[in-house]
1. Just checking, which of G118, G76, G124, G103 is touching a residue at least 24 places away in the same chain (Cβ under 8 Å), part of a loop (DSSP other than H, G, I, E, B) and on the phi < 0 side of the Ramachandran plot?
2. Within the range 461-498, track down each residue that is open to solvent by 70 Å² or more (accessible area, probe 1.4 Å) and modelled with pLDDT under 80.
3. Search the range 423-444 for residues being part of a helix (DSSP H, G or I) and within 21 Å of the chain's Cα centre (by Cα), and hand back the single one that is farthest from F109 (Cα to Cα).
4. Looking at L19, is it more than 20 Å from the chain's Cα centre (by Cα) and either under 30 Å from L242 (Cα atoms) or open to solvent by 10 Å² or more (accessible area, probe 1.4 Å) (or both)?
5. Filter the range 271-285 for residues that are surrounded by fewer than 24 Cβ atoms within 10 Å (Cβ to Cβ) and out of contact with any Phe, Trp or Tyr (no Cβ under 7 Å at 6 or more places or on another chain); which is nearest to N364 (Cα to Cα)?
6. Here is a list of conditions, (1) more than 25 Å from W249 (Cβ to Cβ); (2) out of contact with any Lys or Arg (no Cβ under 6 Å at 6 or more places or on another chain), and F506 meets all of them except one; can you say which number that is?
7. Which one is farthest from the chain's Cα centre (by Cα) among residues in the range 127-136 that are touching a residue at least 60 places away in the same chain (Cβ under 8 Å) and open to solvent by 30 Å² or more (accessible area, probe 1.4 Å)?
8. Of all the helices (runs of 4 or more DSSP H) wholly in the range 262-362, which have at least 1 residues that are more than 21 Å from the chain's Cα centre (by Cα)?
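The values are calculated or read from the model by the stated rules, or taken from the named source; none is laboratory data. Just so we're clear, the structure is a prediction, and the values are computed from it rather than from any experiment. As a convention, Cβ positions derive from the backbone with ideal geometry for all residues, glycine included, and neighbour counts pool all protein chains shown. Side chains included, ligands, DNA and RNA excluded: accessible areas come from the protein's heavy atoms. Shrake-Rupley method; radii C 1.70, N 1.55, O 1.52, S 1.80 Å.
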Amino acid sequence: MQLSVLDWSIIIAFFVLSLLIGLLVSKRAGSGVQEFFLSGRNMPWWLLGISMVATTFSADTPNLVADIVRTNGVSGNWVWWAFLLTGMLTVFVYAKLWRRSEGLTDLEFFELRYSGKGAALLRGFRALYLGVFFNIMIMAGVSLAAIKIGSVLLGLEPWQTLLIASAVTVAYSSLGGLKGVIITDFFQFALAMIATFWAAGVIVDLPQVGGLQNLLSHASVAPKLDFIPSLSSKELFFTVFLIPIAVQWWSVWYPGAEPGGGGYIAQRMLSAKDEKNAIWATLLFNFMHYAIRPWPWILVALASIVVFPNLDSLATAFPNIDPSLIGNDLAYPAMMSFLPAGLLGLLVASLVAAFMSTISTHLNWGSSYVVHDFYHRFIDPQASDQKLVAVGRWTTVLLMIFSGIIALLLSNALQAFSILLQIGAGTGLLFILRWFWYRINVYSEITAMVVSFVIALYLQIIHPALGFAPVATIDQLLWGVGLTTLSWVLVTLWTPAEDQQTLVAFYQKIQPGGPGWKKVLQRAAQEGVTVDTTKKPWDVPTGILCMLFGTAAVYCLLFAAGSLVYGDYGRMGILLALTVVSTAGLFYFWRRLKATAH
């Protein structure tokens, strides 16, 4: 494929704009770690919300959706749609708690909530485990998508794609810090949405596809259109719908959908002006991420079934691509090869934007862990702000290099997604409860982290290496969730709670409220310690009601949009009515909740 001069002009202009933003904010970003990693804690909700959405629209997301739809149909997307429940819980219960913590990173939570050397050790280890190992795995999956896009659309070798895209990303990320990332995210997201919707319309009208009606009635496509898997296929219903909606959302840690918040979502909340801006930002993110974006990707994935019905047809159409890269996730960039000049350049630029947005966020987030929670905490506590920013910039470069190396070892987006889910299986409930149950301690955290990793290591690598039959992915998840959750709960009950002074200080600062802190408050009263329990009253039950109504509103809107695409206007009308009712319920209970946010 040959890109036109217009296509290249669009792509180059985008690169220049990204670098320019990084340069413009570089001086202020370099003034200190608060500016470099949190934008001075002065970000408005709408900019933070768009930044969250832009980050989760990574270069591998359309590829992942194409893989899911081609393999399990539209309803297969429940493996990530189910995380909306997690997101809404974060909006109405945890966003304000994170903002009250006032940390530079979410890992400071460990030494706020727990005490002693164990808390410090956990913080330092998680800084490297999440900021380096886990973060590199995430970026490797995104980089793999960039490799496939570069191979199909630009004819580039993997190393060439990574070198070009990562060089620009590292440059503006290391120069502009979080503020540069957030501002660039805004323009990247606008570009990505315009290109994605426009491209989907063009793809559906291709002669090979024959328009929307022909696509939806195609013999290979029609069986894949269900929103929820049919009960006639019990295995599919169980694996892609029931388990995600009943178990996965609360039990699995996954970047961008962490139970209880965390990671770069927490970083955005910590950089908000106040609690209200943190809540509005995460609410905007969840509406945009789940209700607005999926259908253009789904339509392109469905069209790819018509044009490239199997992997052999993909291999035949692109004979120069490394056979190891041929997978269902290649279908999305393959369909983009049919776009006309100008739109192709815009689409390539949007995919580059998606790649850069996600990678830049993970680079800044990962380097914040390495710099603040490891280097500054344990190596050089007296380091100046300028030195810490310099270390952060060098860390950014090294994280990108290592993630590029790992990307060359992966073969498809769904593979990376499954590995990350398995590593985080069983830890989610702990992250939800640690704010509200005083008994959870540092040993609970260490147990959950170690057990989940060991189980993932065994099931993914050791078990097949010993010659045993592979364990089904859903069975791996259930084993991981069950054994990890049981392990950390037993350890919590067998080990003592954190010391009273730490627990009282945590409660005083965060004001989580609830019955899980009753014994701590009773003991404080007996010891004559005054704890203010009225400043921020217990509002979790109201927050959960907001979560349920908000979730219903987003799901109804998501499937109303799908019904519009399918031409089922009766169902669309019903779903829109349910969206209005759910939204009304959300705002009714949210009015009660907002009185406690400051």
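1. Going through G118, G76, G124, G103 in turn, just one is touching a residue at least 24 places away in the same chain (Cβ under 8 Å), part of a loop (DSSP other than H, G, I, E, B) and on the phi < 0 side of the Ramachandran plot: G103.
2. Within the range 461-498, I461, A465, L466, F468, A469, P470, T473 qualify.
3. By that ranking, first place goes to I423.
4. Here the answer is yes, as L19 does meet what is asked.
5. So, considering only residues that are surrounded by fewer than 24 Cβ atoms within 10 Å (Cβ to Cβ) and out of contact with any Phe, Trp or Tyr (no Cβ under 7 Å at 6 or more places or on another chain), the one nearest to N364 (Cα to Cα) is K273.
6. Of the numbered conditions (1) more than 25 Å from W249 (Cβ to Cβ); (2) out of contact with any Lys or Arg (no Cβ under 6 Å at 6 or more places or on another chain), the odd one out for F506 is (2).
7. Among those that are touching a residue at least 60 places away in the same chain (Cβ under 8 Å) and open to solvent by 30 Å² or more (accessible area, probe 1.4 Å), it is L128.
8. Correct list: 275-287, 294-307, 311-317, 331-336.
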